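Okay, structure first, notes after.
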Amino acid sequence: MNAMSSWYRPDPLTRDLIHLINARRHEHGDPSLAIEVLQALLDQDREHEVLTVLAALDESMAEWLFDLLAEAASSCLMEDESEDSEMYGILASFELSLQANLEYPLKLKIDPVETADLLRKHLHVPPGAVITVEPRLLTDSTLEFLSLQKIHDHISNLAEGQPRQTIAARLHPPVEATAFLFFEILGVPDTTLPEALSEDDCQAIMDHLVSQCPEVAKAPQLLEAPNYAAYALYDAQNAVRLHRLADETAAVWHDLEGPVRSRTVVHLHTQCGNGVYMPVWTDLFDPDLPEDHGPIWTSPDVWVFTADLPIEWPGELLTNRLLAEGCTRFENHIVEATDN
């Protein structure tokens, strides 16, 4: 056997991703080519590989890849040979606040046709573009079951002319009082979304949604411009994962014997990493045990997206949840931060 045949060779997409990252470091990267490579990786169900790379990059590079990954997952080139120029499809979302006292089971229903007409007017989409809308608002716990690959498959299928399918077949109760309106914009010349909405546009959109879905809290001042749907997944996964970590930690703490529970200290760990994608975990320490004993329990890691969020954010959320459970002895540890 030729010795050369036993060499390990990265597959072409891995090689392309490495090349694009190195090109970006030297300030001559091609965002369009990077998006094509990321979309090809998602098509091959290799989202985890991209997230592993994201966690390993320095902050500047990670933020660059984070935003490109969101655009890659939420958009695609449409297949239409009759068009003289390239046209795109985009899966976008609005984040909405829900009423405080929700009644279950949730409905969160909206009229997709009326809502599409409303968005077409107030997002000022170009003539000829088509908007389609998910018939229900989606909660954070519903989105947590999805992946970047699944939302990319969804917009890709629409761009290929396939009938629209609902994004989620079942609604799950929200962890936080938040829901997301998902909609598609098909047939636009680029993948940009409005960076801001006028006060009148926000008011009109909010009035419509509240009239359609009384579970939505009327707060037009909190309505921000739509964003790529991938960012909604990031936010939803953050909320659900951190609340589950808090629930698991509180449950273990409650199960301790009374004297042990009263003296146990909860350590909340945030891995500094690159400030974009990092693990968070908790330990329970009994101070009466020898120092070399270590924790009496350690949680599994949960990975959260922290781009544009303060490094203290995961610890603050967990601290507030634990305080609500009656746990008052805890410490926040930001791992590898020089001043901690």
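The values are calculated or read from the model by the stated rules, or taken from the named source; none is laboratory data. This is a predicted model, so every value here is computed, not measured. Here the Cβ positions follow ideal geometry from the backbone for every residue, glycine too, while neighbour counts run over all protein chains shown. Surface areas here come from the heavy atoms of the whole protein model, side chains and all, with no ligands, DNA or RNA. Shrake-Rupley method; radii C 1.70, N 1.55, O 1.52, S 1.80 Å.
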Among the candidates Ala246, Ala236, which residue alone is in contact with a strand residue (DSSP E or B) (Cβ under 8 Å, 6 or more places away or on another chain), surrounded by 20 or more Cβ atoms within 10 Å (Cβ to Cβ) and either free of Cβ contacts under 8 Å to residues at least 12 places away in the same chain or assigned to a helix (DSSP H, G or I) (or both)?
Ala236
Count of residues meeting criterion [open to solvent by 40 Å² or more (accessible area, probe 1.4 Å) and in contact with a Phe, Trp or Tyr (Cβ under 6 Å, 6 or more places away or on another chain)] in the range 50-70
0
Output the number of residues of the range 284-300 satisfying the condition of being in contact with a helix residue (DSSP H, G or I) (Cβ under 9 Å, 6 or more places away or on another chain) and within 30 Å of Ala62 (Cα to Cα).
2
If we ask which residues in the range 17-49 are under 23 Å from Lys150 (Cβ atoms) and open to solvent by less than 100 Å² (accessible area, probe 1.4 Å), their number turns out to be 13
Restricting attention to the range 66-85, does a residue exist that is hydroxyl-bearing (Ser, Thr, Tyr) and under 28 Å from His208 (Cα atoms)?
yes
Being farther than 24 Å from Val175 by Cα and crowded, with 19+ Cβ neighbours inside 10 Å narrows Phe330, Phe285, Phe305 down to just Phe285
Among the charged types (D, E, K, R), under 22 Å from the mean Cα position of the chain (by Cα) and modelled with pLDDT under 85: does that describe Asp339?
no
Restrict the check to the range 209-227 and report whether at least one residue is in a helix (DSSP H, G or I), within 22 Å of Phe182 (Cβ to Cβ) and touching a Leu at 6+ places or on another chain (Cβ under 9 Å).
yes
Long-range neighbours under 6 Å by Cβ, at least six apart or interchain, first residue under 16 Å from Glu114 (Cα atoms) within the range 207-230, second open to solvent by 20 Å² or more (accessible area, probe 1.4 Å) and not in a loop (DSSP other than H, G, I, E, B):
His208/Leu118
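Residues checked against (1) modelled with pLDDT of 95 or more; (2) charged (D, E, K, R); (3) buried (at least 19 other Cβ atoms within 10 Å of the Cβ); (4) more than 23 Å from Asp111 (Cβ to Cβ):
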{"site": "Leu138", "(1), (2), (3), (4)": "yes, no, yes, no"}
{"site": "Ile151", "(1), (2), (3), (4)": "yes, no, yes, no"}
{"site": "Leu197", "(1), (2), (3), (4)": "no, no, yes, no"}
{"site": "Lys218", "(1), (2), (3), (4)": "no, yes, no, no"}
Among the residues of the range 111-133, are any touching a Lys or Arg at 6+ places or on another chain (Cβ under 6 Å), open to solvent by less than 60 Å² (accessible area, probe 1.4 Å) and closer than 27 Å to Ala72 by Cβ?
yes
Could you check, for the range 136-146, whether at least one of its residues is within 29 Å of Ala55 (Cβ to Cβ), among the polar types (S, T, N, Q) and assigned to a strand (DSSP E or B)?
yes
Any chance Glu144 is among the charged types (D, E, K, R) and more than 20 Å from Leu98 (Cβ to Cβ)
no
Mind listing just one residue for me: the one in the range 57-103 that is assigned to a strand (DSSP E or B), of a type in the set (Gly, Ala, Ser) and over 14 Å from Ala34 (Cβ atoms) and, of those, farthest from the chain's Cα centre (by Cα)?
Gly89
When you go through Glu103, Glu79, Glu86 one by one, which is the residue that is open to solvent by 50 Å² or more (accessible area, probe 1.4 Å), touching a strand residue (DSSP E or B) at 6+ places or on another chain (Cβ under 7 Å) and among the charged types (D, E, K, R)?
Glu86
